[in-house]
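*Asks:* A single structure is presented below for examination.
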Amino acid sequence: MKALAFLFLCVFALNLSAQSILTADGLAAFSATNAAAGGGGGGGSFAFITNSVGVVSGAATATTAAKNATGAKLITVAVQFYTGSPTVSDGNGNTYTRRSRGGDTSAVYTNDLWDCISPTGSLSAHTVSVSGAQYVRVDVIYWSDSGTPTFIAQSSYTHPNGENDTTFQTSGVTPNANSELIIASAVYNNAATASVDSSLALIAQGQELSDPMRGCEFYLIQSTAAFINPTITMSGTVNAGGMTLGVWKP
């Protein structure tokens, strides 16, 4: 009788062990399938925190007003300038990388798009400076992210100098996952205001201090990954400028 009871317990234990192993494998497979099916980036999500604009005439350094950007995982910087070779820096010694450039064929009125991923140091009163260029407008945009941002793709538009136009458009970009951040920015030589299609929202637009140069920035956090090619439209005719488009994965 004792032998039968012992045999029963052994069989029960083996069944229980097999069930536990199967459950663990099943859960792992289920999670992996859901992550792949979601298509959604690295598991993070972007949110706009704040932005700060700086402008300067001549060859002086343009510095943005201090902003509390605590929690930012990504800093994007749109730099519009007349001539020169700008560099971007901050007081924390972070590294800024130029991702895209769109400008006029005459090499004036240029629009750069830079970023800093996972900035270090205090961001409670953060400023960014741009040096090495003349007549500068800079818009620094701070984003939170529950994951780790990754730069994905860019495209740009170079405007034929002297050609009269009211719209700028690049060749477009294709995000490779859901919930990616798309930023469009432009520079142009007219006091006209700008608008955009493709459901992008305005971040900022404005004029440099003494030059007719204006710049603008728009963004979209695209819920479902798909090719996008927004058009920026100016309210008046322009004959110099350029446009950039960038994509980041959360």
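The values are calculated or read from the model by the stated rules, or taken from the named source; none is laboratory data. What you see is a predicted model; the values in this text were computed from it and never measured. Here the Cβ is made from the backbone with ideal geometry for all residues, glycine too, and neighbour counts use every protein chain on show.
*Asks:* Of the residues that make up the range 169-176, is at least one of a type in the set (Gly, Ala, Ser) and farther than 18 Å from Ala47 by Cβ?
*Replies:* Yes, the range 169-176 has at least one match.
*Asks:* Right, next: Of the residues Ala201, Ala184, only one is out of contact with any helix residue (DSSP H, G or I) (no Cβ under 6 Å at 6 or more places or on another chain), under 25 Å from Leu74 (Cα atoms) and surrounded by fewer than 14 Cβ atoms within 10 Å (Cβ to Cβ); which?
*Replies:* On the way: Ala184 fails: surrounded by fewer than 14 Cβ atoms within 10 Å (Cβ to Cβ).
It is Ala201.
*Asks:* What do you reckon, is Glu208 within 27 Å of Ala60 (Cβ to Cβ) and among the acidic types (Asp, Glu)?
*Replies:* The answer is yes for Glu208.
*Asks:* Of all residues in the range 92-111 being of a type outside the set (Ser, Thr, Tyr), touching a Ser or Thr at 6+ places or on another chain (Cβ under 7 Å) and at pLDDT 95 or above, which is surrounded by the fewest Cβ atoms within 10 Å (Cβ to Cβ)?
*Replies:* Asn92
*Asks:* Does Ala177 count as closer than 26 Å to Val56 by Cα and touching a Gly at 6+ places or on another chain (Cβ under 7 Å)?
*Replies:* no
*Asks:* So which residues in the range 196-232 are out of contact with any Phe, Trp or Tyr (no Cβ under 8 Å at 6 or more places or on another chain), assigned to a strand (DSSP E or B) and of a type in the set (S, T, N, Q)?
*Replies:* Within the range 196-232, Gln205, Gln207, Gln222 meet the criteria.
*Asks:* Taking the range 94-116, which residues are in a strand (DSSP E or B) and in contact (Cβ under 8 Å) with a residue 60 or more places away in the chain? Step through it out loud before you land on a result.
*Replies:* Residues of the range 94-116 in a strand (DSSP E or B): 97-104, 110-116.
Within the range 94-116, Arg99, Ser100, Arg101, Gly102, Gly103, Asp104, Thr110, Asn111, Asp112, Leu113, Asp115 meet the criteria.
Table: residues versus (1) within 16 Å of Ala186 (Cβ to Cβ); (2) over 15 Å from the mean Cα position of the chain (by Cα).
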position	(1), (2)
Ala62	no, yes
Thr105	yes, yes
Ser124	no, yes
Ile141	yes, no
Thr148	no, no
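*Asks:* Hey, another quick one. Suppose we filter Ala78, Ala59 for residues that are of a type in the set (A, V, I, L, M) and either exposed (fewer than 12 other Cβ atoms within 10 Å of the Cβ) or modelled with pLDDT of 95 or more (or both); which single one remains?
*Replies:* Numbers: Ala59 fails: either exposed (fewer than 12 other Cβ atoms within 10 Å of the Cβ) or modelled with pLDDT of 95 or more (or both).
After ruling out the rest, the residue left standing is Ala78.
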